[in-house]
Amino acid sequence: MPRTRRRGLAVVSGTLFTLAVGVSAVFAARSTGEPVHEIALGDGGVWVTSGESGMWGRVDRGANQLGTVVPGGASQETSSTRRADVLQDGRLVVGVSADGALVPLDAATGQAGEGRGQLPKATYSSGDRLYRPPLVDLRGRTIAMVEPGTGRVWAQRLDADGVGDLSAMTTSSPPLATVDQGDAAVAVDVDGDVKVVSATTGTVLDIPAEGDGFGEPERSTLELGGNGVDITAVGDRWVVLDPTNGRVWVEGQDDPQNVDGAPSGGDGPPLYAALQVPGVEADSVAVTTDLKTVLVGTQGSGTSRRGIDFGKSTQAVSIRSHFVARPVVNGPCLLGVRSQGTRVRYQVVCSDETLPATEVVLPGNLARSTPVVLRLNRGQVLVNDLDTGRVLDLSLNRELRIDTWPTADQLTTLKSRSS
């Protein structure tokens with residue numbers, strides 16, 4: 001049976017957006033039964049990244065442009081497959097450099113802090129084409145990371161006013177827990193609880209956040225295929241995707257559910273798919289595959305049903321060039337995105353309206369190495385290309401691009417100021 005511990009839903013302000021296709025859709029839901037609190041300075045912007053240049057930036061939604069830019073996330077390696085990323089939990093922001101450094105960012109001043117952490121190496125036993133979830137997650141004032149090969153987990157509670165020192169978030173520090181070896185994955189729920197799973201053993205650890213620390217882990221064991229794994233959360237329940245068998249396990253449910261179009265009984269290649277960004281308690285969880293995003297019931301409501309169909313792309317390319325990203329459930333709406341080469345396809349489905357799949361061309365990236373992702377903060381959603389740094393605001397009924405990254409000369413000035 002599901003655990004009884006439940007907490008209040010997050011407060012999300014109500015906002016009405018208009019898509020580029022000219023159809024209105026509610027992207028954010030107005031909270032009921034909870035007061036709407038004033039957003040503190042730095043809370044309201046959405047942080048994004050700029051591909052090869054390795055810059056982090058905050059989009060100020062009032063002006064629909066970058067209001068703050070912070071350099072320092074570029075890789076010193078020659079590999080083009082590693083890009084800077086960013087984590088955000090309201091005003092708590094952590095830049096992830098292409099070299100795996102965890103950099104505290106001050107959301108109000110735009111300054112990069114000291115006391116930096118370092119991600120572990122991303123080593124996996126399988127070479128199959130699988131969605132590889134990020135090694136680190138931030139939510140509910142908790143930052144947590146996992147070392148896939150060893151299953152070691154590190155986590156830290158953060159102060160509500162700022163990220164502070166992350167120097168303990170390194171593999172040289174004692175781990176918070178270990179979830180067995182074998183392609184482990186980690187997620188943090190909206191309350192700051194840490195969820196971690198091992199693909200090889202099927203072990204799931206649920207580590208509750210308690211004040212400035214963590215409580216004793218709760219352990220479960222699933223029957224997984226062992227070829228990759230993904231994990232997310234709806235409310236305080238973990239959800240695990242087994243790509244080997246194309247099944248979704250939900251905490252508290254005895255049996256898994258099948259994802260539409262997934263391999264049956266482990267026959268064929270594993271499912272290339274990503275679970276949704278962790279969110280509030282819901283009766284379904286979103287899964288994005290190569291061709292669509294489906295909703296799988298979390299209350300034992302049967303097999304998956306289609307939520308988003310990206311449709312056929314106008315560009316004829318191999319399916320292996322497709323990149324999926326975590327879908328986002330935002331109030332009554334579901335947003336999914338898929339990228340391939342220069343093209344990005346997205347769709348929005350709300351409780352009372354389904355919008356057609358839309359394709360946007362982002363020139364400059366024919367040989368894509370990383371996906372286009374959805375950035376979410378305080379009910380605001382942006383599309384961010386990790387390769388090129390392009391940023392799309394789907395709420396606009398004009399040109400969607402709003403990225404205004406500095407030129408090379410301006411970047412040199414920024415770097416000199418930050419050093």
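Take the conditions (1) among the hydroxyl-bearing types (Ser, Thr, Tyr); (2) open to solvent by 20 Å² or more (accessible area, probe 1.4 Å); (3) modelled with pLDDT of 85 or more; Ser321 misses just one of them, which is (3).
Here Gly44 qualifies as at pLDDT below 70, open to solvent by 10 Å² or more (accessible area, probe 1.4 Å) and either part of a strand (DSSP E or B) or not β-branched (Val, Ile, Thr) (or both).
Filtering segment 139-153 for residues that are under 19 Å from the mean Cα position of the chain (by Cα) and open to solvent by 50 Å² or more (accessible area, probe 1.4 Å) leaves a non-empty set.
Given the structure, is Leu205 under 24 Å from Gly149 (Cα atoms) and buried (at least 22 other Cβ atoms within 10 Å of the Cβ)? Yes: the conditions hold for Leu205.
Just one of the listed residues (Gln118, Gln88, Gln111, Gln76) is modelled with pLDDT of 95 or more, out of contact with any Cys (no Cβ under 8 Å at 6 or more places or on another chain) and open to solvent by 60 Å² or more (accessible area, probe 1.4 Å), namely Gln118. Counting only strands (runs of 3 or more DSSP E) wholly contained in segment 347-419, no element carries 3 or more residues that are among the polar types (S, T, N, Q) and either surrounded by fewer than 19 Cβ atoms within 10 Å (Cβ to Cβ) or at pLDDT 80 or above (or both). For beta carbons closer than 8 Å, sequence separation of 6+ or different chains, a first residue in segment 266-294 that is outside any strand (DSSP E or B) and a second that is buried (at least 19 other Cβ atoms within 10 Å of the Cβ) and acidic (Asp, Glu), the qualifying pairs are Ala273/Asp230; Pro278/Asp137; Pro278/Asp189; Glu281/Asp236. Contact map, segment 234-247: first residue modelled with pLDDT of 95 or more, second residue of a type in the set (Phe, Trp, Tyr) and open to solvent by 10 Å² or more (accessible area, probe 1.4 Å), Cβ cut-off under 6 Å, separation 6 or more or different chains; pairs are Val240/Trp249. Whenever a residue of segment 372-392 is on the phi > 0 side of the Ramachandran plot, its partners that are part of a loop (DSSP other than H, G, I, E, B) and crowded, with 24+ Cβ neighbours inside 10 Å, lying with C-beta atoms within less than 6 angstrom and at least six residues away or across chains, give the pairs Gly389/Gly51.
The values are calculated or read from the model by the stated rules, or taken from the named source; none is laboratory data. Only a predicted model underlies this, so the values are computations on that prediction, with no experimental measurement involved. Virtual Cβ from ideal backbone geometry, glycine too; neighbours counted across all protein chains shown. Heavy atoms of the whole protein, side chains included, go into the accessibility calculation; ligands, DNA and RNA do not. Shrake-Rupley method; radii C 1.70, N 1.55, O 1.52, S 1.80 Å.
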